[in-house]
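S.K.: Dropping a structure here in structure tokens format, bear with me for questions.
The values are calculated or read from the model by the stated rules, or taken from the named source; none is laboratory data. For clarity, every value in this text was computed on a predicted model and none was experimentally measured. Every residue, glycine as well, gets a Cβ built from its backbone with ideal geometry; the counts of neighbours run over all protein chains shown.
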Amino acid sequence: MFTAIFSLTILGATLGLALGIAGRFLAVEANANVAELEALLPGTNCGQCGFPGCSGAATALVGGAAPATCCPVGGKALAVAIAEKLGVRLDLSGVADEAPKLALVAEDLCIGCCRCIKTCPTDAILGAPKQIHNVLKEACTGCAACVAHCPTEAILLHPVPVTLPHWVMPKPSSAVSVGNCVTSFAERTAWV
Amino acid sequence: MSALILLLISTALVNNVVLIKFLGLCPVMGVSKSLDSAIGMGMATTFVLTLTAAATWMLEHWLLMPLGLDYLRILAFIVVIASVVQFTEMFIKKASPGLYQSLGIYLPLITTNCAVLGISLLNVQQSYGFFWSIFYAFGSALGFTLVMMIFAGMRERIALARVPAAFSGAPIAFIAISLLALAFMGFSGLNV
Amino acid sequence: MTTDYLAARAFASPHAHGGGEIRRTMLLVLAALTPATLFGFWLYGWSAFFLWLMTLSSALFFEFMSLRLMGQKDARRTLGDGSALLTGWLLAMTLPPWAPWWVAVLGALIAIVIGKQVFGGLGQNLFNPAMVARVALLISFPLQLTAWVTPLPLTTLPAPDFIAALHITLGQTPLPDAMTSASLLGYAKTELARGIGLAQALNAGHAPPLSWLGVRAGSLGESSALLILAGGIFLLIARVIRWQAPAGVLAGALIPALIAHALAPETYLAASTHLFSGALMLGAFFIATDYVTSPITGAGQLVFGLGVGLLTWIIRTLGGYPEGVAFAILFMNALTPMIDRYLKPRILGRTWSGRPLGTTTTGKGA
Amino acid sequence: MGLMEKFFGISWGIHPEDHKRPAADAATRVMPMPERLYISLAQHLGAPALPTALVGQKVKKGELLAKPQGVVSAAIHAPTSGVIAAIGEIPAPHPSGLPVLAVTLAADGEDAWSETLQACDDPFALEPDEISRRVAAAGVVGMGGATFPSALKLSSSRKAGVTTLIMNGGECEPYLSCDDRLMRDEAAAIVDGIRLMLHATGAKLAIVGIENNKPEAIHAMQTAAAPFGDVRVRPVPARYPVGSEKQLVQTLTGKEIPAGALPAEVGVVVHNVGTAKAVHEVVRLGRPLVSRMLTVNGGLVKTPGNVVAPLGALVEEVLAFAGGLAAAPARLIMGGPMMGMSLPHARVPVVKGTSGILALSGAEVADHREESCIRCGHCARACPMGLLPLEMARHIQGDDLKGAVKLGLKDCIACGCCAYVCQSHIPLVQYFAHAKGTLAAEDRARLRADAAKKLVTARNARLAAEAREKAEVAARRKAEREAAAAAKAAVAAAAETATEAGAAA
């Protein structure tokens, strides 16, 4: 009895001591992931993710409170980048990879209230009080922050038209359907 | 010398720890998504297995047997294994953060990798000498690493195959590894 | 003028095609197998034919059923590519010619469903389906899978007639003891295990004959190594297969066999015995060259072949099974993804490791 | 060549049926000027040209219509004399059929050259940079189809110290024979152009590589080049794609262009023989690039042959001039069958890079259903770049573009050998084109995001500055107010004391 307790205590203490010493030599400071993630995020602080600005989202991502797919502005590409940085597995099924969109002012509806100008995180909207506003398409990120603030629904998101240099060859629609079926196995066995 | 080589071949191929003894299946299924992490896992396990084989031999012959504490064997072994794994984890975290990320939870879980405890117990059971134990453990670990690598290569192929929905994921992995076990059956009865 | 043309969609280049087709390739392989198969029919009688027919038809049946189960609409068209036919045929070539019908059906089921279709069908499988089935059958039913018969050519008197052969295939007539025989490799293994030297064992009257023409006990396709070789050469000439894998298999088995036999002829079989017995020829030309489960590059195929040959020799000589081609091929199939990963061709303008070439160099070894 | 390659022999490339004759043997025909020309402003690699002519303006043949915009761009000139009818969007000669900005020119039928063109009798007396300048002003681009502005290549080659000028007369694409025809008809002009380019680049030697299936062109070029020691004609084995830059340089000089580098890295520069002809016309006669030789071919063309067509003529008109089609084509292609672009319809204009117009029948196109890859490896053996097309396509099928890039997607030259030999009829090139396009779009998105981030930082800084200023102003006001109040209080207090004192007094 006594030998058992004594020997195991000694064993545990020795190993613990060794690990403690090793821990001191092999210490790694906690990774400063928040700053790196914040650099990845768009930085528009549009709040669509539900966190206070991009730095808030970065903290939530590191803490595991937000999924890698939380940023709708960054889309699929950003989700992949975040997942890579965090080393987590990614479920892309929920991310609709939408074509990029830009805000556009309907000139007959705009009343020149300047509310959208104040909310735009990238200063992409031009205009003055009582004058029709305009969106600089080079600066617009399509974050939709302005849309909710327009009292006349004059500002809406529109997909960017495809131009010749930006055209992408479509992926071949794989004609081979073996195993590509999305129906469940049970559904398919119903045939037999 | 040749006896040692034969021991290595026998433990790595003929009596493969994963495919013939069915030990350590958890990391084989878990960390075989990519070849790189599989190689990392194989090396980590090789390190742990060899080191624990030495440590448990000493523990068994210098502490447990003289003191008649055979009934504490599993407990004591687990403590030693856990410490070695802890040390390995610290080391990998320091030396290769990328590998640390990709191994994820499976790194600390080497503690509960039944291959590690199993080999240590088998060493005791077969009353091998000190160096023989180490080589037995090393050979088994080589076999483990070999299977990890082969299987990871196979899974990289499977990941891009059009596996039917009902079989994708774990089912096809199990079928593949069973076929791999079938191939290893060819080594059974190898006269070495 | 006829330019009332409107493209339905954007067509990608190239707008021309060389005319190669999967079906054509498969048919060439089947054609190359035919002489050896016909010889097998002649050698082992109607039973062999029934077994062959059974294997092929069940392979086609299971392929069709799998495709339908997975919801493919024109399963019949996919069936027409001939891959299931080839798998069934290759499997039949490795079975004992008088095996009962259920061996054929079960083998086809394992080959097509577990070996191929669960991985996603043609081109997606990791292991050669025929070899998967062959090994699974051998491990599950060692008795039926090693029940070789002495060759009884169709033209000779004691050969079973059409009806009797049908009974054999249906499993209603047990094999008469007088007709069972060991294959040369199996015989050598048992004799060695009994402690009898090879020289003595092979000199004894009841040793299975080693016939270059192939009149001896064995599976359907292994008996006529020369006809298999001829088929293989035909495929080489038709550019269906390349020389690396067959050469690797033959070299991998022959080199250790030559060395070992020269050192200890009493315990190690001669290289020619290894070459012309068992499934080595069939494996070298028809199975190790399977596109799907072997490496892509020539160097990779050479490594693959050498591995198959060496493992075959090791299993035959040192292992518990008399024949090792199927195991060796399965093992090397498993290694194929790794071989492919490490033996890639060099990209033009890059070093082997993938970095861009340095300044005005012309590559190494020029 | 590495040891491995030596041991296994050259295996890259394919030997397609070339279909070059009888079109190559038919005499060249010059197309009459159509009534209207549609001159695309994006006929070259790089930024589209900026129109300088105005609608309604009368122009002479060879007059500037649009000037280059940015570093990589090219000028565009009027292919005939006439009136500019419109500047607007027309369907581009591109598989997508998307619009492109173009100048519409109504021909006046006179086809009169502009009088301001600058001919030169002794161009070898000119400074090399002056030749490059004139070539740039004339809007000459690579005539092989890549349409890279030639002047840029000439001047940068001089800076890079190029020693060898490789002239590409390979024309390995099946069906096409415009370079062949040009070399037969205009060998002297081409050799003169080559010598001008030698002068401009400072290279010592020009090697003209011609596929050995064009004996007439080889003979004509050898005869024309005989008097000049610095121009050599070298037949190369017919094999597709030997006319591709990297492969031609390797075949002719044995040098391998490093990945991602220009040929200048190994001391060579590659130009097309058609470009040499254009350079000759520019420098000797002062005529800018306004027309080109192109092959009209394909199973459905009634009289296949080579046609000199003005830039901006509609494909429809070129086909009609060449004799029309026997039936509606299964596919209409601009360029060769291996790398050419499928056209949405025939009402698209001829551009500087149009080496041919092919009307292919259904049998020639050989459209098949895509089947599963059986990993036969034929594509890997055919690939002239040493890639593994099947593995790359597999990754792209699974949306793993990064994996495809790791396998060398960026090194793919889209030659089409892999898809040509594919037994399973997998559109490999389409997978690669799709992946390259997607990656480019992702890069653009990343650039945009970075720019947006800068804007956000600027805005935040501005807002912070505004807030600070406001706070400062408020603080100042407050301080002033307090000071004023204090002063008031002091005055009041002083007044009080004064009254008190007064009262006391």
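S.K.: Does C:TRP52 satisfy the criteria of being among the hydrophobic types (A, V, I, L, M, F, W, C), assigned to a helix (DSSP H, G or I), more than 17 Å from C:ASN125 (Cβ to Cβ) and more than 13 Å from chain A (Cβ to nearest Cβ)?
M.R.: yes
S.K.: Got at least one residue in region D:344-362 being within 9 Å of chain C (Cβ to nearest Cβ), of a type in the set (Lys, Arg), within 23 Å of the chain's Cα centre (by Cα) and assigned to a loop (DSSP other than H, G, I, E, B)?
M.R.: Checked against the condition, which is being within 9 Å of chain C (Cβ to nearest Cβ), of a type in the set (Lys, Arg), within 23 Å of the chain's Cα centre (by Cα) and assigned to a loop (DSSP other than H, G, I, E, B), region D:344-362 yields at least one hit.
S.K.: When you go through B:GLY143, B:GLY153, B:GLY186 one by one, which is the residue that is more than 7 Å from chain C (Cβ to nearest Cβ), within 27 Å of C:LEU138 (Cβ to Cβ), touching a helix residue (DSSP H, G or I) at 6+ places or on another chain (Cβ under 6 Å) and in a helix (DSSP H, G or I)?
M.R.: Every option except B:GLY143 fails the conditions.
S.K.: When residues of region D:401-412 are filtered for being under 23 Å from D:GLY340 (Cα atoms) and facing chain C (nearest Cβ under 9 Å), how many remain?
M.R.: Residues meeting the conditions: 2.
S.K.: What single numbered condition from (1) surrounded by fewer than 21 Cβ atoms within 10 Å (Cβ to Cβ); (2) within 14 Å of another protein chain (Cβ to nearest Cβ); (3) more than 18 Å from the chain's Cα centre (by Cα) fails to hold for D:GLY260?
M.R.: (3)
Rundown of residues vs (1) under 15 Å from the mean Cα position of the chain (by Cα); (2) aromatic (Phe, Trp, Tyr), yes/no style:
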| position | (1), (2) |
| --- | --- |
| C:ALA36 | yes, no |
| C:TRP42 | no, yes |
| C:ALA48 | no, no |
| C:MET70 | no, no |
| C:LEU79 | no, no |
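S.K.: Moving to a separate point now. Identify all residues within region D:112-132 that are of a type in the set (Ser, Thr, Tyr) and surrounded by fewer than 13 Cβ atoms within 10 Å (Cβ to Cβ); write none if there are none.
M.R.: Listed by number, the list holds a single entry, D:THR116.
S.K.: Can D:ASP111 be described as over 20 Å from the mean Cα position of the chain (by Cα), in a loop (DSSP other than H, G, I, E, B) and of a type in the set (D, E, K, R)?
M.R.: yes
S.K.: In addition: Given (1) modelled with pLDDT under 90; (2) buried (at least 19 other Cβ atoms within 10 Å of the Cβ), identify the lone condition not met by D:SER40.
M.R.: Failing condition for D:SER40: (1).
S.K.: For B:GLN86, which of the numbered conditions (1) out of contact with any Leu (no Cβ under 6 Å at 6 or more places or on another chain); (2) assigned to a helix (DSSP H, G or I) fails to hold?
M.R.: (1) is the only condition that B:GLN86 fails.
S.K.: Can I ask one more? Exactly one of these conditions fails for C:ILE255: (1) closer than 30 Å to D:ALA264 by Cβ; (2) modelled with pLDDT of 90 or more; (3) β-branched (Val, Ile, Thr). Give me its number.
M.R.: (1)
S.K.: I'm trying to understand the selection: among the residues of region A:15-55, which are surrounded by fewer than 18 Cβ atoms within 10 Å (Cβ to Cβ), more than 13 Å from chain B (Cβ to nearest Cβ) and in a helix (DSSP H, G or I)?
M.R.: Answer for region A:15-55, where residues must be surrounded by fewer than 18 Cβ atoms within 10 Å (Cβ to Cβ), more than 13 Å from chain B (Cβ to nearest Cβ) and in a helix (DSSP H, G or I): A:VAL34, A:ALA35, A:ALA39, A:GLY53, A:SER55.
S.K.: Which one is farthest from the chain's Cα centre (by Cα), of the residues in region A:56-65 that are crowded, with 19+ Cβ neighbours inside 10 Å and at pLDDT 80 or above?
M.R.: A:ALA60
S.K.: Can you say whether B:ILE158 is surrounded by 21 or more Cβ atoms within 10 Å (Cβ to Cβ), in contact (Cβ under 8 Å) with a residue 40 or more places away in the chain and aliphatic (A, V, I, L, M), as far as the supplied structure shows?
M.R.: No.
S.K.: Only residues that are facing chain C (nearest Cβ under 7 Å) and part of a loop (DSSP other than H, G, I, E, B): list them for region D:369-383, please.
M.R.: D:GLU371, D:SER372, D:CYS373, D:ILE374, D:ARG375, D:CYS376, D:GLY377 - these are the residues of region D:369-383 that are facing chain C (nearest Cβ under 7 Å) and part of a loop (DSSP other than H, G, I, E, B).
For (1) more than 30 Å from D:MET341 (Cα to Cα); (2) more than 26 Å from the chain's Cα centre (by Cα); (3) within 14 Å of chain C (Cβ to nearest Cβ); (4) at pLDDT 95 or above, each residue gets a yes or a no:
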| residue | (1), (2), (3), (4) |
| --- | --- |
| D:PHE432 | no, no, yes, yes |
| D:LEU439 | no, no, no, no |
| D:ARG459 | yes, yes, no, no |
| D:VAL473 | yes, yes, no, no |
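S.K.: In this structure, does C:PHE41 turn out to be within 14 Å of chain D (Cβ to nearest Cβ), out of contact with any Gly (no Cβ under 9 Å at 6 or more places or on another chain) and modelled with pLDDT under 90?
M.R.: no
S.K.: Just to be sure I understand, how many residues within region C:110-159 are farther than 23 Å from B:GLY153 by Cβ, at pLDDT 90 or above and assigned to a loop (DSSP other than H, G, I, E, B)?
M.R.: 1
S.K.: If you don't mind, there's one more thing I want to ask. Output the residues belonging to region B:69-83 that are facing another protein chain (nearest Cβ under 8 Å) and either of a type outside the set (A, V, I, L, M) or assigned to a helix (DSSP H, G or I) (or both).
M.R.: B:LEU72, B:LEU75, B:ALA76, B:VAL79, B:VAL80, B:SER83
S.K.: What about C:GLY358, is it out of contact with any helix residue (DSSP H, G or I) (no Cβ under 8 Å at 6 or more places or on another chain) and either away from chain B (no Cβ under 14 Å) or in a helix (DSSP H, G or I) (or both)?
M.R.: So C:GLY358 fits the description; yes.
S.K.: In addition: Look through region B:98-122, keep the residues that are under 14 Å from the mean Cα position of the chain (by Cα) and small (Gly, Ala, Ser), and return whichever of them is nearest to B:GLY30 (Cα to Cα).
M.R.: Selected residue: B:ALA115.
S.K.: Separate question: Can you work out which of the residues in region C:338-366 that are closer than 13 Å to D:ILE257 by Cα and at pLDDT 85 or above is farthest from the chain's Cα centre (by Cα)?
M.R.: For region C:338-366, the residue satisfying everything is C:PRO356.
S.K.: Just checking, how many residues over region A:145-192 are assigned to a loop (DSSP other than H, G, I, E, B), more than 10 Å from chain D (Cβ to nearest Cβ), buried (at least 17 other Cβ atoms within 10 Å of the Cβ) and modelled with pLDDT under 85?
M.R.: The number of residues fulfilling the criteria is 2.
S.K.: Which pairs have Cβ atoms under 8 Å, sit 6 or more apart or on different chains, and link a residue in region D:442-453 that is farther than 17 Å from A:ASP123 by Cα and at the interface with chain A (Cβ under 7 Å from one of its Cβ atoms) to one that is modelled with pLDDT under 85 and surrounded by 13 or more Cβ atoms within 10 Å (Cβ to Cβ)?
M.R.: If the second residue must be modelled with pLDDT under 85 and surrounded by 13 or more Cβ atoms within 10 Å (Cβ to Cβ), the pairs left are D:GLU442/A:ALA77; D:ALA445/A:GLY75; D:ALA445/A:ALA77; D:ALA445/A:PRO100.
S.K.: Considering only region C:1-38, state which residues are under 30 Å from C:PHE285 (Cα atoms), of a type in the set (Gly, Ala, Ser) and touching a Phe, Trp or Tyr at 6+ places or on another chain (Cβ under 7 Å).
M.R.: Of everything in region C:1-38, those that are under 30 Å from C:PHE285 (Cα atoms), of a type in the set (Gly, Ala, Ser) and touching a Phe, Trp or Tyr at 6+ places or on another chain (Cβ under 7 Å) turn out to be C:GLY18, C:ALA32.
S.K.: Sort out which residues of region C:243-268 are touching a residue at least 24 places away in the same chain (Cβ under 8 Å), surrounded by fewer than 19 Cβ atoms within 10 Å (Cβ to Cβ) and under 14 Å from C:ALA288 (Cα atoms), and write them in order of number.
M.R.: C:ALA247, C:ALA251
S.K.: Suppose we keep only residues that are more than 11 Å from chain B (Cβ to nearest Cβ) and either within 13 Å of the chain's Cα centre (by Cα) or farther than 23 Å from C:LEU343 by Cα (or both) within region C:291-308. Which one would you say is surrounded by the most Cβ atoms within 10 Å (Cβ to Cβ)?
M.R.: C:VAL308
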